[in-house]
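The block underneath contains the structure these notes are about, expressed in structure tokens.
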Amino acid sequence: MPNWDNFFDHYQPSASYRDDAVSARACQLAATAGRLGTYAVGAMLINDKGDVVAEGHNEIFIGNFQSDLHAEMVVLNKFEAGNREQHKPADLTLVSSLEPCPMCMSRLIYAGVGIIRYVCDDPEAGMVTRISSLPPLVQQFSKDMSQVWERADCSPSAREAAFHIWQNSQAAANRKIIKNSRGRLENSGQ
Ligand SMILES: [Zn+2]
């Protein structure tokens, strides 16, 4: 079995897949997050030339617990703090290693990012595949902005690795979410 957490350190992106290189970078960020003890999800914001506008990974369990710091939120926070004059959100593409959750999908709609691509599905908490369950006005915003939501065009091995890297982090992080709500995170270690 491959060592998934190091899979992208030696990965050679394929020119046969449009998003392979940026997907690999998002997954590398995801693996870093996993090593730091939080959900292994990474994200990139790129312009239409493929240049990186912002990048980041999940940070909710890094330092003080902060519930909103999913990878997509970290990247959007960086963008909105610094690059507003240079880029219109509609011209940008966000690539996440994992299908966005309800919170991040809503934020991506309110932020007005043009294209959203994700490397692997999140069957349990992904919202993109459940877009018809969003409130009508939120769906309408997305339609009015002609947002594109789709899986990244990457190699099957990259998609499989993204899923395993995320899964390896998930059970422990889910337990920490519950522990935090009961005030037990500080003293509980993992
Ligand atoms: Zn999220």
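Scanning region 67-86 for residues that are more than 23 Å from Ala21 (Cβ to Cβ) and either within 13 Å of the ligand (Cβ to nearest atom) or within 16 Å of the chain's Cα centre (by Cα) (or both), we see that the one that is surrounded by the most Cβ atoms within 10 Å (Cβ to Cβ) is Met73.
The conditions of being touching a Pro at 6+ places or on another chain (Cβ under 6 Å), more than 15 Å from the ligand (Cβ to nearest atom) and either part of a strand (DSSP E or B) or within 20 Å of Glu150 (Cα to Cα) (or both) are not met by Ala15. Residues in region 19-65 that are under 10 Å from Ser97 (Cβ atoms), small (Gly, Ala, Ser) and either out of contact with any strand residue (DSSP E or B) (no Cβ under 8 Å at 6 or more places or on another chain) or in a helix (DSSP H, G or I) (or both): 6 in all. With a requirement of 2 or more residues that are modelled with pLDDT of 95 or more and either loosely packed, with under 12 Cβ neighbours inside 10 Å or more than 18 Å from the chain's Cα centre (by Cα) (or both), none of the strands (runs of 3 or more DSSP E) lying completely within region 87-190 satisfies it.
The values are calculated or read from the model by the stated rules, or taken from the named source; none is laboratory data. Note that this is a predicted model, so its numbers are computed, not measured. Don't worry about glycine lacking a Cβ; one is built from the backbone with ideal geometry, like all the others, and counts go over all protein chains shown.
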